[in-house]
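Asker: The structure follows.
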Amino acid sequence: MRNTRLDDVPIQEALDQWSQSFTFRRETETLPIAQARGRMTAEPVRAQASTPPYPAAAMDGIALRAEAVSDASPSSPVQLREGRDFTYINTGDPLPRPWDTVIMIEKVTEIAEGWVEVTEPSPPWKHVRQPGEDVAQGELVLPDGHRVRPVDMGALLAAGVERVAVLRRPRVAILPTGSEMVPPGTPMQRGQLREFNGTAFAGYLEEWGAEPVYRGIVPDRRKAIRHAISEAVNSCDIVVVNAGSSAGSQDYTPQVLREMGEVLLHGVAARPGRPVVLAVVRGTPVVGIPGYPVSAYLSLDWFVRPLIDQWYGQESEVSPTLSARLIREVRTKTGAEDFVRMQVACVDGQYVAAPLPRGAGVTLSMVRADGWLRVPPSSTGYPAGERVELELARSPQEVEKTLFLTGTDDPLLEELGALMARQPKGWSLAQMVTGERDGLNMLQQRECHGVAVDGEGWSEVVPSDSPSLIQIHLAEREIGWITAPGIQVRQADDLLQPGLTFINRPAGTETRRRLERALAGSYPSDWERSIPSLWKAAAAVGERTADVTIGPRSVAQELGLDWMPLWREPFSLILPEEVFKSPAGQALLKILRSEAFTHRVAALGGSGSVSWKVIRQKGR
Ligand SMILES: Nc1nc2c(c(=O)[nH]1)N[C@H]1C(S)=C(S)[C@@H](COP(=O)(O)OP(=O)(O)OC[C@H]3O[C@@H](n4cnc5c(N)ncnc54)[C@H](O)[C@@H]3O)O[C@H]1N2
Ligand code: MOO
């Protein structure tokens, strides 16, 4: 029987309920200091020995008795004989009896072989490190419940402690399920998917202080899932079952968990990540995590990270937040808390933010997210222009080092971004694909740093009160039809062939406008179907969910798709003069003039050389 009804419990409530329904059996283990970094001490640690273990010279010089020079002065220097009155000593050497003070070598004058002269007194124990100055035997080095840092490792060894008792890390079993899943590195057949959530889970768990135990892919068979969970609860402290949590005919996780133990809930009031299952089997917490990567990583963060904190008895970390102005509206449905991945930029000292693609399966949207916007269940979202509080995924410093572009995209911009990141100052480049008119308006509103444009037609849509602008010509690029094998498209009219499916460029782009002019009024039925990312549009052609799209040769070449030339066009960046002159603008310019960039342009099938001109002077 399928389970089609989901609960709608708020995340915190679900977590509170679940975390009270089991108790962890924490254990300690003893580790050599070199392996203890990041681990939590299980008991107070006291010094076993003193460092230094004996009085030691703190400076290079001579060791002597303080008494011998108590009356020394420039007018009555004291002469000392080696062996009888002093010995030479180096920093760290033990101070032999009867010496009780050290004078730095710079303050000593050699007057003859074996004789020195001193012109000032040196009180007892000056420049001498006392035994235990660093750490004394019996002293408390670390309390219990302390995370061992590199400095602590040094102090422990200084204190003569060679092994330390730490809490064992909680063992978290990872059980990816799905008969269609294959391990990375295995040749794939159609219908199969690469299993990657398990590896990402292991990475997160290690970062949070747990020991991931990857237990291999479990096929979608009830018995197999049951067996795998049973073994995992016997040997691990927390069990994570991935996928099979929803309403599909093969989604067995909730059902099996009900048979094996107690299911506290199936379904939380959150989007994405709704079909979570929280259960306890033989005293061990088991969580069923939805399969889609974004949902999966979020649910792991909501339900497994706090358990690891609970294991260690520590407070959960709070993400840093930042206030930003929305440059695009965020619409949500009521009834669940929405987690919207956001792109954040700092333009003219002000933080601006826009939502990234919302699909729960869009892994890259999570890779590119600078932060999260949490929209409460009662809200329907926020209009553009609103100030919102974001949870950051990158530091504000990193955000400030990002040049944020709008307009049309091209693989060349990705190359440019990679070259920017290699600069010593670590600039990065982010893009939001928009039409040119949109991009230029955003530039005007100080919502981006620059706009990537095709051709020259964009100049007609520059707002009249625009700031001074610089056009940087990057390359001539070739635009053409990207087609699946066997598809013949030569001119715009060919798009009207019955049954042919097409993916357009987004509204407002010059490429789409040109095509629109060529079609002169009669459009294919799927004219409005567009995908902002060139790569995703071409991948759709590669997989035959469309027959043709339009784009630069470089994309077709990279994916091994057919390509028919249409036109060549200049591809440029439009930057306000102040951005052009800023350190980021100058870093960009340096790259554009570099040989590495010229090579990349050529490799991508572009040509021409970089040049720039002022195209609009404020007040004209
Ligand atoms: N009729 C309904 N269908 C779905 C519902 C619903 O309420 N009613 N919920 C949707 C939501 S929301 C989510 S989230 C998914 C969750 O589905 P499952 O947890 O059952 O996951 P699967 O269907 O097995 O897998 C979905 C998808 O996730 C990717 N995946 C899964 N495991 C891995 C892995 N180990 N590594 C990488 N990627 C993985 C893969 O693309 C799967 O196709 O259900 C909706 N459906
Ligand atoms: O929970 Mo699903 O993750 O909304 O996509």
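Asker: Could you do me a favour and compute the accessible area per residue for the chain, 1.4 Å probe, result in Å²?
Answerer: Heavy-atom SASA per residue in the chain reads 47 Å².
Asker: Relative to the longest principal axis of the C-alpha atoms of the chain, give the angle of the C-alpha long axis of helix 197-207, reported between 0 and 90° and rounded to the nearest 10°.
Answerer: Helix 197-207 sits at roughly 30 degrees to that axis.
Asker: Please give me, ordered by residue number, the trypsin sites (Lys or Arg not before Pro) of the stretch 403-473 that lie in loop per DSSP and have at most 12 other Cβ atoms within 10 Å.
Answerer: Passing sites in the stretch 403-473 are ARG422, LYS425.
Asker: Give the aspartates and glutamates whose C-alpha is closer than 16 Å to that of LYS333, dropping any in the same chain fewer than 8 places away, or say none.
Answerer: Excluding near neighbours in sequence, the set is ASP8.
Asker: If you don't mind, another one. Where the only charges are on Cβ atoms (+1 Lys, Arg; -1 Asp, Glu), what is the dipole of the chain about its Cα centre, to the nearest 20 debye?
Answerer: So the magnitude is around 1760 debye.
Asker: Points 7 angstrom from Cα along the Cβ direction at ASP493 and ALA165: gap in nanometres?
Answerer: For the pair ASP493/ALA165, the computed spacing is 8.8 nm.
Asker: Now a separate question. Straight-line reach from LYS126: which lysines have Cα under 25 Å away, leaving out those fewer than 8 places along the same chain?
Answerer: Hits, sequence-local ones excluded: LYS107.
Asker: In whole Å, what is the distance between the alpha-carbon centres of the stretch 221-283 and the stretch 119-143?
Answerer: If you average the Cα positions of each part, the centres end up 60 Å apart.
Asker: LYS581: which lysines have alpha carbons under 17 Å from its alpha carbon, excluding same-chain residues fewer than 8 sequence positions away?
Answerer: LYS401, LYS425, LYS590, LYS613, LYS618
Asker: On to the next question. Give, rounded to the nearest 20 debye, the magnitude of the charge dipole that the stretch 104-188 has about its Cα centre when Lys and Arg contribute +1 at Cβ and Asp and Glu contribute -1 at Cβ.
Answerer: Around 800 debye, computed over the stretch 104-188.
Asker: Hey, another quick one. Among PRO376, GLY480, LEU403, whose Cα projects farthest towards the positive end of the dipole of the chain, with charges put on the beta-carbon of Lys, Arg (+1) and Asp, Glu (-1)?
Answerer: GLY480
Asker: Enter the accessible area of TYR214 (Å², nearest 10), with the probe set to 1.4 Å and all protein chains included.
Answerer: 100
Asker: Another one. Taking the square root of 5 times each eigenvalue of the Cα gyration tensor, what semi-axes in Å does the equivalent ellipsoid of the stretch 333-400 have, largest first?
Answerer: Ellipsoid semi-axes (Å, largest first): 21, 16, 9.
Asker: Any idea what angle helix 510-519 forms with the longest principal axis of the chain, computed on alpha-carbon atoms, 0 to 90 degrees, nearest 10?
Answerer: 10
Asker: In square nanometres, what is one fourth of the surface area of the convex hull spanned by the alpha carbons of the chain?
Answerer: Computing the convex hull of the Cα atoms and averaging its projections yields 41.6 nm².
Asker: I would also like to ask the following. Ignoring ligands, DNA and RNA, what percent of the 1.4 Å accessible area of the chain is carbon and sulfur?
Answerer: Exposed carbon and sulfur together represent 49 percent of the surface.
Asker: Taking 0.36 nm per residue of separation and subtracting the Cα-Cα distance, what length does fully extending GLU207 through ASP465 add?
Answerer: Answer, rounded to one decimal: 87.9 nm.
Asker: Now for a separate question. Let me check something: with ligands and nucleic acids excluded, how do SER19, SER316 order by accessible area (1.4 Å probe), largest to smallest?
Answerer: Listed by decreasing accessible area, they come as SER316, SER19.
Asker: Could you give the C-alpha radius of gyration of the stretch 545-609 expressed as a fraction of 2.2 N^0.38 Å, taking N as the number of residues it contains?
Answerer: Normalised Cα radius of gyration, the stretch 545-609: 1.44.
Asker: With unit charges on the beta carbons (Lys and Arg positive, Asp and Glu negative) and the dipole taken about the Cα centre of the stretch 411-616, which residue among VAL614, GLY426, GLY521 sits farthest to the positive side?
Answerer: Toward the positive end, the furthest listed residue is GLY426.
Asker: What are the extents of the Cα atoms of the stretch 261-329 along their three principal axes, in Å, largest first?
Answerer: In descending order, the Cα extents are 50, 28, 18 Å.
Asker: Let me ask something additional. For a Förster distance of 51 Å, can you work out the FRET efficiency between the beta-carbons of SER73 and GLU139, rounded to the nearest 0.05?
Answerer: 0.80
Asker: Rank TYR523, TYR351 by accessible area, highest first, at a 1.4 Å probe radius?
Answerer: Descending order: TYR523, TYR351.
Asker: Give me the percent relative contact order of the chain, please, defined on Cα pairs under 8 angstrom at least 6 residues apart.
Answerer: Rounded, it is 11 percent for the chain.
Asker: I'd like the distance between the alpha-carbon centres of the stretch 362-405 and the stretch 546-575, rounded to an integer number of Å.
Answerer: 31
Asker: If the chain between ALA49 and GLU577 were fully stretched, how many nm would it gain, using 0.36 nm times the residue separation less the Cα-Cα distance?
Answerer: Once the chain is fully extended between ALA49 and GLU577, it gains 183.5 nm.
Asker: Between the stretch 149-210 and the stretch 1-78, how many Å separate their Cα centres?
Answerer: 24
Asker: Additional query: Dipole size in debye (nearest 20) for the stretch 56-129 around its Cα centre, Lys and Arg Cβ +1, Asp and Glu Cβ -1?
Answerer: 260
Asker: Right, here's the next one. Under the 0.36 nm per residue contour assumption, what length would be gained going from the current alpha-carbon distance of GLU543 and GLN445 to full extension?
Answerer: 31.4 nm
Asker: Enter the angle in degrees (range 0 to 90, nearest 10) between the Cα long axis of helix 222-235 and the first principal axis of the Cα atoms of the chain, meaning the one along which they spread out most.
Answerer: The helix 222-235 is inclined about 10 degrees to the chain.
Asker: Next question, about the same structure. For the stretch 411-616, what are Rg and Dmax over the alpha carbons, in angstrom?
Answerer: When restricted to the Cα atoms of the stretch 411-616, Rg and Dmax are 17.5, 54 Å.
The values are calculated or read from the model by the stated rules, or taken from the named source; none is laboratory data. As the structure is a computational prediction, the values presented were derived from the model and not from experiment. Counting neighbours? That spans all protein chains shown, and the Cβs are built from the backbone with ideal geometry, glycine included. Accessible surface areas use protein heavy atoms only, side chains included; no ligands, DNA or RNA. Shrake-Rupley method; radii C 1.70, N 1.55, O 1.52, S 1.80 Å.
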